[in-house]
Structures are given as structure tokens and as C-alpha cells.
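Step one of this worksheet: look at the structure below.
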Amino acid sequence: MTAADKNTGIGLALTLADGRVTEATISPRRLPDTTALLKNTPAVNAPSLVGTLFTLCAASQRIASQAALSAAIAQPITETMQRRWALALHAERIAEHLRAALLDWPGAGDSAERRAFAPAVRAALSAAREAGAPGVDISKIRADLMAAARETGAPTQDFEPPSQGWWGRLWRDASTCAEAAPFPPQADFLSAADAGAVHRALRARSRDFLSRPTLPGRAVETGAFARRFAQLRRDIGLFAARLQARLLDIVDSLDALRSLENSRVLHNRLVAAWSHSPGEGFSLVDSPRGLLFHRIAVGADGGVTSYDILAPTEWNFHPAGPLARLLATLDLSRQAQARLFIARLMTLFDPCTFCTIELREARHA
């Protein structure tokens, strides 16, 4: 791994004194310059190109680009478009939660147990990709995703703590951390009401904001934990509660797919877009990992003049953000495997890239 490769991930350095965290330093990942990648490209081609830049949440990225472009060129977003986007986004949310649970959870290694659930996750990812195609059979997509969820042990209707399958294993792992990481008494979440402030910051063209976004006086989080905070159990600890949030997402998205299948109205829209000046479009998508923002500027010749993407990971892993603040409160003195504990905590904040962890002891005078 070269230094450049390492910089594409998120780095965490913790300093410990007798097991207590005295310093937590998060190094943000290096972001691609989307303006440089797309500049002068015909704007109508931007959504398809953006969709190829990302392995994870590609549908969310593509749809955010489509919505921003529609706003920039004053193209109405129809109810049909919203429903097609909702289908792709809900399918992706289910599949991505299943993928992350299986592939990203630290501690299981390349175990036979993990490999046993891989076919179910592959089936879910395949169904999610199909959901973005025109003329798709919604009932088949929903059935395939429900089967994959059940096979991995996730609830598919009312939430119950999982006891079987891969999710059962994760729940047992998470439950052992309840005392060391209790449910937080308060939290601050990014919401659609903050979109105006984010838009103004993106229009200022600050690269610092893209890599280290902030709202004055706040350390906001976005993602499943934010979406489901009011529904979560407070008596199971932070780790299990964060898993519960993802499982509630799966249940809710399966229900949304049922509504789409039966042509019912969807009241909770996942996409918004607007423009404050000709040729500029801004979009917000509630992606699996949280609120995703895109901004596009289109020149008179129809080419892209600037393009910004602000992903959920940059909020959650900000050097002074919600994870950093939580880390600063931890007492790891009773954790036999402190590195594993930290790795799982970082995973539960759902990064869309890899993370490295450095633990060091404080020097005593």
C-alpha cells in the first residue's frame, strides 16, 4: 500500500492512559476532485458517469446526480421519476445494510460462517441493481430482498432482536458492549432542514467543507441511527441500538417496496432538488448511509463547470464530529480486545471506505 493509497481511507489514532482515551485524532479520507473529473463533460452524461465512480451506494449517487441535473436545467421531477427513484433507493438500502453487516463486521475473519451467508448478500445486491432498470418486476425485487434478509437472520416485518443467522451473531457481539458504550443521552442529527446551510457552503466552493463539513456549534450525524433514533431501545447499549437502526431500515424499506408494488402513495420521499440560479442544481438524497448532497453547475454550452459531492461519511467521521466526541469519553480499561471494540464502533458509524486504527499509550512524565 502506497502513501497515496493509505490516504483514501480514514485514519484513527487513539492515545490511552490506563485504558482511558485521552486523545482521539481522526484523519479524513482523500476525496476525488469531481469537478476535475467531470469538467466540460456534457452535463446530460454526468449521472451515468457519477454512477460508475462509486462501488458502494451507486444508485444513490446516480439518482442524486440526476436530480441535481434536473434542477439545473429546469426539468420537472415527475411523480413517476420519484417512484422509480424510491424503488431503487429502498432496494439499495436493504442490500447495502446486508452487505455491510456481512463484509464489514470485524472479528469474524474469513470464517465459514461468514462465507455461508455470502450467496444471500450477492442475491440482494443483484436485486438492488435490477431495481434501477426500467420496467422492473417490483414483486420479484421485493421477494428476492426479503428472502435474502430472512436468510441472514434479519426481521422482515415487526422488529424483534435477531437470534439466528448472521444478524444473530452480530447482535450477540454488540450486546457484550452495552456497559462500555451505553445509549447516549442526547445526539444531534443532520436533517433536511439543514439543506439550505449546506447548499450555501457548497456554493462557496470550499474544498475544506467537502472534506470536513461543519454547521456552526454542532457535531451532526447522519444515517440509519439518525433516521431511527426515536424508535430505538435505550436499554441495550449503543452497539446493539445501532444494529437495531439498520434492521428497522430493512423492515421499513421492505414495507415501502410493498407500497410501490401496490401503487400506493409514498409519503416519505427520499429525493429533493432545487435551484437558486440558472444552470445550477442542488440535490439531497437519503441514501443508506445518510444524507447525500450533490451540486452541479452547467455552462451555456451544456458542459459541467463545477461538480461537488458531499457524502455522509464526511459528517460522521469529521475530526471534531460525533464519532470523535464519543471516542473521547471511552474507558477501555476493561476491554480485553480494545482494538476490536474500536473497530466495531467505527463500523457502526458506517463509513463508505476502509479505516485504519492506531492505539498508543500516553507518555508519563
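Report the residue count in the range 160-179 for those that are more than 21 Å from the chain's Cα centre (by Cα) and among the hydrophobic types (A, V, I, L, M, F, W, C). Write out each step before concluding.
To start, the set of residues in the range 160-179 that are more than 21 Å from the chain's Cα centre (by Cα) comprises 160-165, 168-169, 172-173, 175-179.
Okay, now just the ones that are also among the hydrophobic types (A, V, I, L, M, F, W, C), so 177-178.
Summing the residues that are more than 21 Å from the chain's Cα centre (by Cα) and among the hydrophobic types (A, V, I, L, M, F, W, C) in the range 160-179 gives 2.
Taken over the range 4-63, the criterion of being surrounded by 14 or more Cβ atoms within 10 Å (Cβ to Cβ), among the charged types (D, E, K, R) and either touching a Leu at 6+ places or on another chain (Cβ under 8 Å) or at pLDDT 95 or above (or both) is satisfied by Arg20, Lys39, Arg62. Quick one: what pairs do we get from the range 117-130, first residue free of Cβ contacts under 8 Å to residues at least 40 places away in the same chain, second surrounded by 15 or more Cβ atoms within 10 Å (Cβ to Cβ) and acidic (Asp, Glu), C-beta under 8 Å, 6+ apart or different chains? Between residues of the range 117-130 that are free of Cβ contacts under 8 Å to residues at least 40 places away in the same chain and residues that are surrounded by 15 or more Cβ atoms within 10 Å (Cβ to Cβ) and acidic (Asp, Glu), the close pairs are Ala120/Glu151; Ala123/Asp144; Ala124/Asp144; Ser126/Asp144; Ala127/Asp144. The listed residues are Gly153, Gly168, and the only one of them that is assigned by TED's automatic domain parsing to the domain that holds Ala86, closer than 18 Å to Ala241 by Cα, surrounded by 15 or more Cβ atoms within 10 Å (Cβ to Cβ) and in contact with a Ser or Thr (Cβ under 8 Å, 6 or more places away or on another chain) turns out to be Gly153. Whether a residue is out of contact with any strand residue (DSSP E or B) (no Cβ under 7 Å at 6 or more places or on another chain), closer than 25 Å to Ala148 by Cα and in contact (Cβ under 8 Å) with a residue 12 or more places away in the chain was assessed, and Arg99 passes this test. Residues Ser211, Ser163: which one is more than 17 Å from Ile94 (Cα to Cα), out of contact with any Asp or Glu (no Cβ under 7 Å at 6 or more places or on another chain) and hydroxyl-bearing (Ser, Thr, Tyr)? Just one listed residue meets the conditions, Ser163. Looking only at the range 270-280, decide whether some residue is surrounded by 15 or more Cβ atoms within 10 Å (Cβ to Cβ) and among the β-branched types (Val, Ile, Thr). There is at least one residue in the range 270-280 that is surrounded by 15 or more Cβ atoms within 10 Å (Cβ to Cβ) and among the β-branched types (Val, Ile, Thr).
If we only count helices (runs of 4 or more DSSP H) wholly inside the range 237-333, which ones have 2 or more residues that are among the basic types (Lys, Arg)?
On the way: elements: 237-261, 312-316, 322-327.
Passing ranges, in order: 237-261.
Residues in the range 157-176 include none that are charged (D, E, K, R), in contact (Cβ under 8 Å) with a residue 24 or more places away in the chain, in a loop (DSSP other than H, G, I, E, B) and in contact with a strand residue (DSSP E or B) (Cβ under 9 Å, 6 or more places away or on another chain).
As a summary of the residue check, Ala180 satisfies the conditions (1) modelled with pLDDT of 95 or more; (2) not in a helix (DSSP H, G or I) except for the one numbered (1).
Does the range 340-356 contain at least one residue that is assigned to a strand (DSSP E or B), touching a residue at least 12 places away in the same chain (Cβ under 8 Å) and outside the structural domain of Arg218 (by TED's automatic domain parsing)? Within the range 340-356, one or more residues are assigned to a strand (DSSP E or B), touching a residue at least 12 places away in the same chain (Cβ under 8 Å) and outside the structural domain of Arg218 (by TED's automatic domain parsing).
Which residue is surrounded by the fewest Cβ atoms within 10 Å (Cβ to Cβ), if the candidates are limited to the range 336-348 and must be out of contact with any Cys (no Cβ under 9 Å at 6 or more places or on another chain) and within 20 Å of Phe183 (Cβ to Cβ)?
Checking each candidate, the answer is Ile342.
Can you pull out every residue in the range 185-200 that is in a loop (DSSP other than H, G, I, E, B) and surrounded by 19 or more Cβ atoms within 10 Å (Cβ to Cβ)? The answer is Leu190, and nothing else. In the set Pro182, Pro134, Pro162, only one residue is of a type outside the set (Phe, Trp, Tyr) and crowded, with 17+ Cβ neighbours inside 10 Å; that residue is Pro162.
Looking for whichever is surrounded by fewer than 16 Cβ atoms within 10 Å (Cβ to Cβ), over 30 Å from Ser283 (Cα atoms) and touching a helix residue (DSSP H, G or I) at 6+ places or on another chain (Cβ under 9 Å) here; the options are Ser139, Ser111, Ser175. Which one fits?
Values: Ser139 fails: over 30 Å from Ser283 (Cα atoms); Ser111 fails: touching a helix residue (DSSP H, G or I) at 6+ places or on another chain (Cβ under 9 Å).
When all the criteria are applied, what remains is Ser175.
Listed by first and then second residue, the pairs linking a residue in the range 226-250 that is buried (at least 24 other Cβ atoms within 10 Å of the Cβ) to a residue that is acidic (Asp, Glu), with Cβ atoms under 8 Å apart and 6 or more places separating them unless they lie on different chains, are Phe239/Asp173.
In a residue-by-residue description of the range 96-116, the property of being out of contact with any Gly (no Cβ under 9 Å at 6 or more places or on another chain), among the small types (Gly, Ala, Ser), more than 28 Å from Arg242 (Cα to Cα) and assigned by TED's automatic domain parsing to the domain that holds Leu248 applies to no position. The criterion of being free of Cβ contacts under 8 Å to residues at least 24 places away in the same chain and more than 30 Å from Ala204 (Cβ to Cβ) does not hold for Arg360.
Residues in the range 293-303 that are of a type in the set (A, V, I, L, M) and surrounded by fewer than 24 Cβ atoms within 10 Å (Cβ to Cβ) were compared, and the one that is farthest from Ile63 (Cα to Cα) is Ala300.
The values are calculated or read from the model by the stated rules, or taken from the named source; none is laboratory data. Given the structure is predicted, the values throughout are model-derived calculations rather than measurements. All Cβ positions, glycine included, derive from the backbone under ideal geometry; neighbour counts span all protein chains shown.
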